[in-house]
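The values are calculated or read from the model by the stated rules, or taken from the named source; none is laboratory data. Worth saying up front: this structure is predicted, and the values here are computed from it rather than measured. Positions of Cβ are backbone-derived with ideal geometry, glycine not excepted, and every protein chain shown enters the neighbour counts. Ligands, DNA and RNA are stripped out before the accessible areas are found, and what is left, the full protein with its side chains, is counted by its heavy atoms. Shrake-Rupley method; radii C 1.70, N 1.55, O 1.52, S 1.80 Å.
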Amino acid sequence: MAATRYRRFLKLCEEWPVEETKRQRDLGVFLRQRVAQAFREGENTQISDPETCDRMYESLVRIHTNYYKNKYPRLKDTSFTGVTVEDCKMILATDILKQMEDMKKGTWKKLREKFSAKKPEEDSK
């Protein structure tokens, strides 16, 4: 039975998209890592709690297939802020978040980082 569960999780991992704009923060990458950890021995892995494993799989399938999005359709594709899904994806991209983080830094910190031979992490130790 573990072999069947393993194959189902592998199939789900293959279908789950990877968003390149969210480096190190992508749910698809995280899912693949967790499946690899959970099934270290592949089809021969012994599952201690099969019911929990099956519930996790079913939950992930509902997320992947947009079960609740389809069950409870929205009138508009925006939030209360008026931001569209495409705008949210762009804003949450890793490069944009890094740029925004750099903009938050004060002038003194920017100058110190620019002219300091040490990295900022070493300075705070």
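Summary of computed values
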| item | result |
| --- | --- |
| Residue match in segment 8-28 (condition: more than 30 Å from Met90 (Cβ to Cβ) and either free of Cβ contacts under 8 Å to residues at least 12 places away in the same chain or open to solvent by 100 Å² or more (accessible area, probe 1.4 Å) (or both)) | yes |
| Segment 29-60, residues that are farther than 21 Å from Ala93 by Cβ and among the charged types (D, E, K, R) | Arg34, Arg40, Glu41, Glu43, Asp49, Glu51, Asp54, Arg55, Glu58 |
| Search result, residues across segment 45-72 that are under 19 Å from Leu12 (Cα atoms), polar (S, T, N, Q) and assigned to a loop (DSSP other than H, G, I, E, B) | Thr45, Thr65, Asn66 |
| Failed criterion for Tyr68 (all others in (1) open to solvent by 100 Å² or more (accessible area, probe 1.4 Å); (2) over 15 Å from the mean Cα position of the chain (by Cα); (3) at pLDDT below 85 hold) | (3) |
| Residues of segment 40-61 that turn out to be open to solvent by less than 80 Å² (accessible area, probe 1.4 Å) and modelled with pLDDT under 90, as a count | 5 |
| Test: residue in segment 20-27 that is in a helix (DSSP H, G or I) and closer than 17 Å to Ala2 by Cβ | no |
| Near pairs, Cβ below 8 angstrom, 6+ apart or cross-chain, from segment 93-107 (outside any helix (DSSP H, G or I)) to any residue that is modelled with pLDDT of 70 or more | Ala93/Thr21; Ala93/Lys22; Lys105/Glu113 |
| Matching residues in segment 73-91 - criterion: being assigned to a loop (DSSP other than H, G, I, E, B) and open to solvent by 80 Å² or more (accessible area, probe 1.4 Å) | Pro73, Arg74, Leu75, Lys76, Asp77, Phe80, Thr81 |
